[in-house]
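Beneath this line is the structure, given in structure tokens, with notes to follow.
The values are calculated or read from the model by the stated rules, or taken from the named source; none is laboratory data. Computed from a prediction, not measured in an experiment: that's the story for all the values here. Here Cβ is always computed from backbone atoms with ideal geometry, including for glycine, and neighbour counts include all displayed protein chains.
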Amino acid sequence: MSTLLTPVDASARELALAHVERARREAGVIPDIPPGTPLRPIGSVGVIGAGTMGGGIAMAMANAGLPVILVDVEAAALERGLQRVRDNYAFSVRRGRLDEATVAERLARIQGATSLDALAGVDLVIEAVFEDMALKRDIFSKLDALVKPGAILATNTSGLDIDEIAAATGRPADVAGAHFFSPAHVQKLLEVVRGAATAPDVVATLMDLGRRLGKVAVVSRVYPGFIGNALFRQYIREAHFLVEDGALPHEVDAVLECFGYAMGVFAVHDMAGNDVGWQARKAQIPTRPKDRRWNDLILELCDMGRMGQKTGKGWYRYEPGDRTPHRDPEVESYIVERSARMGIARRPIGEDEILERCLFSMVNEGARLLEQGVALRASDIDIAFVTGYGFPAERGGPMYFADRIGLQRVAETVQRMHAEHGYWWQPAPLLLELARTGRSFRDREAAR
């Protein structure tokens, strides 16, 4: 068995879980925003975009007792969104999680509208349209002229530049990111993204709102993908490269599940739908930098109709009415043939390499975020990944895990991977410095 897969004993598990709980508490501590900072009143909320994310955010607000106006400029899209909300609540009733009276109260808090004018008097607006910078800037420009002074203007973008969005308004201090995770009424992580001009009381108010919603709120500065997706894209990228280099999807997933993940990355792809962002990613191909490796296998699966569970086939195949993933010789043969077409000599890949490439790539990126001040603490990265990305709590989070096994090992591996694989493995200077001096991420935070 891989040394990285050594089972977590009772003592180590207790320490890791204590770290997770401490990280949860510390995430709300923002050094330059003192406790007791006056908060902006949030008595009403507007949500723009009645898709899956917008509807989920509206439900999260209604569940917390807040009246919500859900806006979509297309009446048909608005009705679909409202019906999805009703269906979600009906499902909770069938499962015995809510009673009819509670659902009726919550639904009464959600009103629909087809004009932004309906948001003129709300205290908080959360924009949740699709990831298009021009569209978001247009919406924020209109909100700037419409919404009352002092209202918070938040975007649910999963990675676009908050400062560029804020620049479309005359009140960038009121603009921030409020990145919910789907489904927003269920998932517990909220990234509060602080732009260059975001007012401290806006950050404090959104952090408090996260608490009111029953979520774990973590502050991030502006960075592509913020904290969560910045690391997660490293994890995904290396898993896909591993499949090109010689592993098969079930082999990668088996190692990740043995490590403690509830599901491996390819099973998660199939569950979420391989076509998430499909067309947008295809459109980016012509303009991508040529100095680094890319992986487009998931796009090719979509072109083949392999969207995942919803089509009965993706990285795995699925029997009707059953979500159990089964190996599929068709996709495995395609993967092997594709590697050959790319000139890649496939080779056996062991458990250690799978874990090192998936996990250490995240740690390296996490060190970069700490060095640049995107994340306040390594423990913020840990709680984000335990809460929102399925990292096993008994291992404490990616940065805590790296501290436990030793940053010297992580740094040596990252340097070796950089020599072998190039661009994506450029070592973070902070990681190298901590490894050189024999310190950990926790040592660094204690010294600060």
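Couple of notes before you dig in:
- Taking the numbered list (1) among the aliphatic types (A, V, I, L, M); (2) under 25 Å from residue 5 (Cβ atoms); (3) surrounded by fewer than 17 Cβ atoms within 10 Å (Cβ to Cβ) in turn, residue 304 passes all entries but (2).
- A count restricted to region 4-26 and to residues that are in contact with a helix residue (DSSP H, G or I) (Cβ under 8 Å, 6 or more places away or on another chain) and over 19 Å from residue 261 (Cβ atoms) stands at 3.
- Any hit, region 377-394, residues being buried (at least 23 other Cβ atoms within 10 Å of the Cβ), within 19 Å of the chain's Cα centre (by Cα), on the phi > 0 side of the Ramachandran plot and assigned by TED's automatic domain parsing to the domain that holds residue 439: no
- Residue 357 surrounded by 17 or more Cβ atoms within 10 Å (Cβ to Cβ), farther than 22 Å from residue 25 by Cα and out of contact with any Cys (no Cβ under 6 Å at 6 or more places or on another chain): yes
Rundown of residues vs (1) touching a residue at least 40 places away in the same chain (Cβ under 8 Å); (2) of a type in the set (Asp, Glu); (3) touching a Cys at 6+ places or on another chain (Cβ under 6 Å), yes/no style:
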residue: 168; (1), (2), (3): no, no, no
residue: 174; (1), (2), (3): no, yes, no
residue: 179; (1), (2), (3): yes, no, no
residue: 187; (1), (2), (3): yes, no, no
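- Qualifying residue in region 39-60 (condition: within 30 Å of residue 442 (Cβ to Cβ) and either assigned by TED's automatic domain parsing to the domain that holds residue 220 or in contact with a Pro (Cβ under 7 Å, 6 or more places away or on another chain) (or both)): no
- Scope region 278-310; condition on the phi > 0 side of the Ramachandran plot and touching a residue at least 12 places away in the same chain (Cβ under 8 Å); matching residues: 308
- Among the residues making up region 325-336, those that are surrounded by 10 or more Cβ atoms within 10 Å (Cβ to Cβ) and not aromatic (Phe, Trp, Tyr) are 325, 326, 327, 328, 330, 331, 332, 333, 335, 336.
- For region 163-200, the tally of residues that are assigned to a helix (DSSP H, G or I), touching a strand residue (DSSP E or B) at 6+ places or on another chain (Cβ under 8 Å) and of a type in the set (D, E, K, R) stands at 1.
- Matching residues, region 311-324, being without any contact (Cβ under 8 Å) to a residue 40 or more places away in the chain, surrounded by 14 or more Cβ atoms within 10 Å (Cβ to Cβ) and at negative phi: 311, 313, 317
- Scanning region 7-17 turns up one or more residues that are assigned by TED's automatic domain parsing to the domain that holds residue 441, free of Cβ contacts under 8 Å to residues at least 12 places away in the same chain and outside any helix (DSSP H, G or I).
- Taking the listed residues 73, 20, the one that is without any contact (Cβ under 8 Å) to a residue 60 or more places away in the chain, surrounded by 14 or more Cβ atoms within 10 Å (Cβ to Cβ), out of contact with any Cys (no Cβ under 9 Å at 6 or more places or on another chain) and of a type in the set (Val, Ile, Thr) is 73, with no other qualifying.
- Test result for residue 180, surrounded by fewer than 21 Cβ atoms within 10 Å (Cβ to Cβ), of a type outside the set (S, T, N, Q) and within 26 Å of residue 88 (Cα to Cα): no
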